[in-house]
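Notes to accompany the following structure.
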Amino acid sequence: MGQLLKLYGGGFSPLSLAPALWLDASDGSTLYQERTGASATTLVTSDADPVGTWKDKSGNARHVTASSDSKRPTYKVSTHNGRSSIYFDGVNDNFIITSSILSGLSAYSIFMVRQWEVPGAAAAIFAGGNNIFEYVTVSAGSITGRRSYISGGNYGSTATLSLSSSVVSLIYDGTKSNNATRLLRRTNGTQDTLSFTGTIPATSDTHTSITIGSLTDTVSWFKGYILEIVVLTSKATTDNISQMERYLGNKWGISVS
Amino acid sequence: MGDQRIMTDYLFRVLLIVPSARKDGLDAFIADEFDDAEWLIVELSPTGTAPATHYATCFACTMEQSSRWAERLSTDGGVSLPPEFSYYNADQRIQFITAARPALKANTGVIVYVCRNDGEWFDVEAILAGETIKRVGEVLP
């Protein structure tokens with residue numbers, strides 16, 4: 001029984017990895033209509049309610065908020081494996097928080113479950129300055145670039161991007177010697193092949209805020225669903241990566257190899 | 001037993017495309033009526049290059065908020081609201097705003113699309129294409 005639980009991620013909690021940030025759209029007790037962060041009181045209750053605050057479950061109180069009522073993404077009920085999600089409209093929906101958790105690090109790990117729709121222009125899901133996961137460019141209605149950045153101008157790209165809901169992982173380790181070992185990207189438990197532009201640096205870029213659903217608070221808006229995000233300010237071990245990906249895959253009904 | 005889910009109060013989804021000359025006025029209206037943060041931040045132009053000729057925002061709003069928007073847009077656009085507008089249900093309001101869209105656009109340049117927020121949304125990319133207007137630029141990190 002213990003082996004079965006381990007195999008399917010049962011009993012595992014992201015809290016065991018001491019995350020710096022943990023956002024879980026399936027937990028309705030963390031989603032509020034107001035943009036007031038910790039003091040928000042009105043929970044979302046109905047499909048299509050706006051989400052002004054998404055509370056952090058890491059214990060670090062890094063609650064993310066929309067910076068205007070017009071930017072509030074939308075709560076969607078039972079969209080993925082019977083669980084609720086947050087939908088970003090690709091026009092002007094996002095969250096932001098003043099935070100420098102990824103600044104000047106030699107390693108970090110980001111795990112995310114999301115479902116892209118093709119945006120009308122370049123778009124990003126998660127950005128701490130130039131620490132960006134994922135960024136796409138768009139031309140004539142098609143996605144043409146799929147990038148993950150650790151610093152400006154230096155990134156790894158995948159040849160394809162699944163538009164299905166997926167568990168994606170970004171593992172950065174600046175102590176390694178070259179691009180291919182410094183930046184790993186995985187989709188549904190399988191390592192992606194990255195092509196690199198520039199040099200993935202030994203230390204991550206500094207930043208003062210994190211946006212979720214856009215590149216900054218004013219440009220490059222994500223279109224689609226964000227289901228869960230977990231950020232570690234360290235390199236996850238191989239076992240931890242596997243645990244996290246299985247946990248997320250099992251939870252959201254996504255097959256993880 | 002049927003569907004017991006509670007309906008959201010946010011029944012409307014609105015896309016506003018505003019000519020640059022009207023941006024400040026609507027920003028002031030938004031600040032007075034809704035929110036002191038800037039809403040009209042999406043830059044648009046016919047060619048997709050700067051400078052922006054139009055600005056857009058997309059948001060959800062309630063019945064009460066829809067009344068304030070309708071009043072403002074109709075006043076600006078010279079389109080009279082029917083006296084019974086406040087008694088209209090959500091679908092009737094959407095029908096009215098949709099019918100008034102050409103006059104609002106002709107009189108002010110402001111383009112308004114409204115749909116049910118709890119139903120199928122409008123296609124923003126198709127609207128932009130139909131209005132022959134594009135997002136300005138692309139910012140590469």
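The values are calculated or read from the model by the stated rules, or taken from the named source; none is laboratory data. Because the structure is predicted, anything quoted here is derived from the model rather than measured. Every residue, glycine among them, receives a Cβ derived from its backbone with ideal geometry; neighbour counts consider all protein chains shown.
With the condition kept exactly as written, say whether any residue in the stretch B:100-116 is more than 12 Å from the chain's Cα centre (by Cα), within 19 Å of A:ASP93 (Cβ to Cβ) and either within 14 Å of chain A (Cβ to nearest Cβ) or among the charged types (D, E, K, R) (or both).
yes
For the stretch B:66-83, state whether one or more residues are more than 15 Å from the chain's Cα centre (by Cα), of a type in the set (Gly, Ala, Ser), modelled with pLDDT under 95 and surrounded by 15 or more Cβ atoms within 10 Å (Cβ to Cβ).
No - not one qualifying residue is present in the stretch B:66-83.
For the stretch B:1-117, which fully contained strands (runs of 3 or more DSSP E) count at least 1 residues that are farther than 19 Å from B:GLU131 by Cβ and in contact with a helix residue (DSSP H, G or I) (Cβ under 7 Å, 6 or more places away or on another chain)?
B:12-19, B:54-61, B:111-116
Among the candidates A:ASN94, A:ASN60, which residue alone is under 29 Å from B:LEU128 (Cβ atoms), more than 10 Å from every other protein chain (Cβ to nearest Cβ) and either crowded, with 24+ Cβ neighbours inside 10 Å or not charged (D, E, K, R) (or both)?
A:ASN94
I'm checking my understanding of the structure. Among residues of the stretch B:1-54 that are of a type in the set (Phe, Trp, Tyr) and facing another protein chain (nearest Cβ under 8 Å), which one is surrounded by the fewest Cβ atoms within 10 Å (Cβ to Cβ)? I'd like the intermediate steps shown before the answer.
Initial filter on the stretch B:1-54 (of a type in the set (Phe, Trp, Tyr)): B:10, B:12, B:29, B:34, B:39.
Still in the running and facing another protein chain (nearest Cβ under 8 Å): B:10, B:34, B:39.
Numbers: B:TYR10: 23, B:PHE34: 17, B:TRP39: 25.
Among those residues, the one meeting the criterion is B:PHE34.
Which number in (1) within 14 Å of the chain's Cα centre (by Cα); (2) within 20 Å of A:LEU23 (Cβ to Cβ); (3) of a type outside the set (Phe, Trp, Tyr) marks the one condition that A:ASP93 misses?
Failing condition for A:ASP93: (1).
Listed here are the residues, each with its yes/no results for (1) of a type in the set (S, T, N, Q); (2) within 13 Å of chain B (Cβ to nearest Cβ); (3) over 16 Å from the mean Cα position of the chain (by Cα).
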residue	(1), (2), (3)
A:PHE88	no, yes, no
A:SER103	yes, no, yes
A:ALA107	no, no, yes
A:VAL136	no, yes, no
A:SER157	yes, yes, yes
A:SER162	yes, no, no
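Out of the strands (runs of 3 or more DSSP E) lying entirely within the stretch A:78-128, which hold 3 or more residues that are out of contact with any Phe, Trp or Tyr (no Cβ under 6 Å at 6 or more places or on another chain) and not charged (D, E, K, R)?
Numbers: elements: A:83-89, A:95-98, A:107-116, A:126-128.
Where strands (runs of 3 or more DSSP E) fall fully within the stretch A:78-128 and carry at least 3 residues being out of contact with any Phe, Trp or Tyr (no Cβ under 6 Å at 6 or more places or on another chain) and not charged (D, E, K, R), they are A:95-98, A:107-116.
From A:GLY129, A:GLY104, A:GLY120, grab the single residue that is touching a residue at least 40 places away in the same chain (Cβ under 8 Å) and farther than 25 Å from A:ALA66 by Cα.
Working: A:GLY129 fails: farther than 25 Å from A:ALA66 by Cα; A:GLY120 fails: farther than 25 Å from A:ALA66 by Cα.
One residue alone meets the criteria, A:GLY104.
Looking at the stretch B:84-104 only, could you name the residues that are in contact (Cβ under 8 Å) with a residue 24 or more places away in the chain and surrounded by 13 or more Cβ atoms within 10 Å (Cβ to Cβ)? First the steps, then the outcome.
Residues of the stretch B:84-104 that are in contact (Cβ under 8 Å) with a residue 24 or more places away in the chain, as a first pass: B:90-91, B:93-94, B:96-97, B:100, B:103-104.
Residues satisfying the conditions are B:ALA90, B:ARG93, B:ILE94, B:PHE96, B:ILE97, B:ALA100, B:ALA103, B:LEU104.
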